[in-house]
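Visitor: Dumping the structure here so I can ask a few things about it.
The values are calculated or read from the model by the stated rules, or taken from the named source; none is laboratory data. Keep in mind the model is a prediction, meaning the values are calculated, not measured. Neighbour counts are summed over all protein chains in view; Cβ atoms, including those assigned to glycine, are modelled from backbone coordinates with ideal geometry.
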Amino acid sequence: MKAKTLLIAAAALAAGVMHSQAQVYSQNIVGYINVPLNTGFNLVANQLDVDGTGTNNSVYTSVGTNLPVGTSISYWKPTTGTYGATSWTGTKWSANNQLITNSMNPGSGFFIQVAAPTNITFVGNVITGTNTYPIIAGYQLVAPSGPVSGTLDTTNGYKPSVGDSVLVWNNLTGLFKAHNYTGTSWTGGGDAQLSVGQSVFLAAVNNTNWTQVLNVQ
C-alpha cells in the first residue's frame with residue numbers, strides 16, 4: 001500500500017509540472033528533469049537534490065560532465081554583487097568551490113552558457129515538506145526549491161515587499177524583463193511565471209525568509 005501511495009503521489013507531482021517547457025519524470029519522489037538549453041546564456045535551476053539535505057549539490061553531481069568542452073557556468077555572489085565562473089575543460093570543471101555548490105542547491109540558480117542547443121539533465125530527490133530559505137536585501141538568483149512551475153508568490157509562497165523586483169531572463173533574446181511589486185500587483189505584465197528548471201534574479205528590498213511548502217499526497 002505504501003509503495004502504491006508513493007507511485008500515485010509521484011504521478012500527481014509529475015502531472016503538476018508537465019505543462020512547462022521542461023519534462024519531469026519521477027517515481028518515489030526521485031527522478032530527473034530535462035531542461036532545454038539555447039545557444040548562449042541560459043538561466044536555470046537545479047530543483048532536485050543529491051542526498052536529501054539540500055546543501056551538497058556540487059557542479060559534478062548537478063551538471064555532471066557530459067557537456068561540450070568550453071561550456072561555462074556563471075554563479076552570482078550576493079555579498080560582492082559580482083559573478084564567479086567555471087568552465088568544463090573536457091576532464092574537469094576549472095573551479096569547484098562552496099560558492100558553486102550554493103548556486104547548485106535547490107532554491108538557487110545559475111547561468112550556463114553553451115555553444116549550441118542541447119539539454120541538461122538534473123537527477124535527484126524532490127525536497128518536500130515545509131522548508132525556509134533566507135532572502136537577503138539586494139540581488140540574488142532564486143528558484144522554487146521543488147520542480148513546480150508557476151509564480152514565486154502565489155504558487156510557491158514568497159511574500160514580496162513593496163519595491164521588490166523579479167528579473168526574468170529570456171534565453172532566446174538574451175534580455176531581462178522586470179516585474180516590480182507595487183503592494184497590490186506586479187508591473188511588467190503581471191506576476192512572473194516560471195517553468196520547471198528556471199531561476200530568476202530577485203531584487204529584494206528587505207531581509208526576509210521564504211517558506212516553501214510542497215506536500216505530495
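Visitor: Which of the residues spanning the range 187-217 are among the aliphatic types (A, V, I, L, M) and part of a loop (DSSP other than H, G, I, E, B)?
Guide: Of everything in the range 187-217, those that are among the aliphatic types (A, V, I, L, M) and part of a loop (DSSP other than H, G, I, E, B) turn out to be 192, 196, 205, 216.
Visitor: Could you check, for the range 123-139, whether at least one of its residues is crowded, with 21+ Cβ neighbours inside 10 Å, touching a residue at least 12 places away in the same chain (Cβ under 8 Å) and either charged (D, E, K, R) or in contact with a Pro (Cβ under 7 Å, 6 or more places away or on another chain) (or both)?
Guide: Looking for residues that are crowded, with 21+ Cβ neighbours inside 10 Å, touching a residue at least 12 places away in the same chain (Cβ under 8 Å) and either charged (D, E, K, R) or in contact with a Pro (Cβ under 7 Å, 6 or more places away or on another chain) (or both), one finds at least one in the range 123-139, hence yes.
Visitor: Could you grab me the full set of residues in the range 159-186 that are assigned to a loop (DSSP other than H, G, I, E, B), over 13 Å from residue 203 (Cβ atoms) and either touching a helix residue (DSSP H, G or I) at 6+ places or on another chain (Cβ under 9 Å) or not basic (Lys, Arg) (or both)?
Guide: 171, 172, 173, 174, 182, 183, 184, 185
Visitor: Looking at 97, 171, 105, 156, can you tell me which residue is within 18 Å of the chain's Cα centre (by Cα), at pLDDT below 95 and either surrounded by fewer than 18 Cβ atoms within 10 Å (Cβ to Cβ) or polar (S, T, N, Q) (or both)?
Guide: Answer to the check: 171.
Visitor: Would you point out the residue of the range 36-66, among those that are among the hydrophobic types (A, V, I, L, M, F, W, C), within 13 Å of residue 111 (Cβ to Cβ) and part of a loop (DSSP other than H, G, I, E, B), that is farthest from the chain's Cα centre (by Cα)?
Guide: Going through the qualifying residues, I end up with 63.
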